[in-house]
Amino acid sequence: MNVDIKSENGYAVALLSGEIDHHNAKEIREKLDRFIIANQPKELAIDFADISFMDSSGVGLIMGRYKLISECGGRLVVKNPRQYIKRVFKISGIERIVRIINDKV
């Protein structure tokens with residue numbers, strides 16, 4: 001699992017790659033939380049384009065980061081989830097609170 005965060009002018013993108021499961025979700029959460037607290041971005045987009053697998057830990061990951069960034073005055077966006085991940089977000093209700101966009105062609 002790799003997390004690469006790029007930030008400019010209050011807007012940040014966290015590029016995730018690999019799998020999100022109970023084995024590595026804690027490491028991802030900690031890295032994102034440290035970034036949010038230290039930088040307080042206006043918007044953080046978490047890019048799922050290179051996520052090959054996600055279990056329910058991914059739902060918790062998004063919910064927790066949504067809560068934290070909202071408390072810091074920012075907003076969370078999910079970018080480029082694969083179709084099955086998008087379905088999980090729909091079923092779990094995440095799509096009602098977090099904007100989900102696809103910008104990959």
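The values are calculated or read from the model by the stated rules, or taken from the named source; none is laboratory data. Keep in mind that what you see is a predicted model, and the values were worked out from it rather than measured. We place every Cβ from the backbone using ideal geometry, glycine too, and count neighbours over all the protein chains shown. Heavy atoms of the whole protein, side chains included, go into the accessibility calculation; ligands, DNA and RNA do not. Shrake-Rupley method; radii C 1.70, N 1.55, O 1.52, S 1.80 Å.
Every residue, every condition in (1) at pLDDT 95 or above; (2) buried (at least 19 other Cβ atoms within 10 Å of the Cβ); (3) not β-branched (Val, Ile, Thr), yes or no:
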residue	(1), (2), (3)
Asp4	yes, no, yes
Ala12	yes, yes, yes
Leu32	yes, yes, yes
Ile51	yes, yes, no
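For region 22-55, the set of residues classified as in a strand (DSSP E or B) and of a type outside the set (S, T, N, Q) consists of Glu43, Leu44, Ala45, Ile46, Asp47, Phe48, Ala49, Asp50, Ile51, Phe53, Met54, listed by residue number.
Taking the criterion of being open to solvent by less than 10 Å² (accessible area, probe 1.4 Å) and either farther than 22 Å from Ile36 by Cα or small (Gly, Ala, Ser) (or both), the only residue of region 69-88 that qualifies is Ile85. Among the residues of region 14-24, those that are hydrophobic (A, V, I, L, M, F, W, C) and either open to solvent by 80 Å² or more (accessible area, probe 1.4 Å) or under 22 Å from Gly74 (Cα atoms) (or both) comprise Ala14, Leu15, Leu16. Tally the residues that are free of Cβ contacts under 8 Å to residues at least 24 places away in the same chain, assigned to a loop (DSSP other than H, G, I, E, B) and closer than 19 Å to Glu43 by Cα, restricting the search to region 69-105. Residues that pass the stated criteria total 1. Against the conditions (1) open to solvent by 80 Å² or more (accessible area, probe 1.4 Å); (2) in contact with a strand residue (DSSP E or B) (Cβ under 6 Å, 6 or more places away or on another chain); (3) not in a strand (DSSP E or B), Tyr66 satisfies every one except (1).
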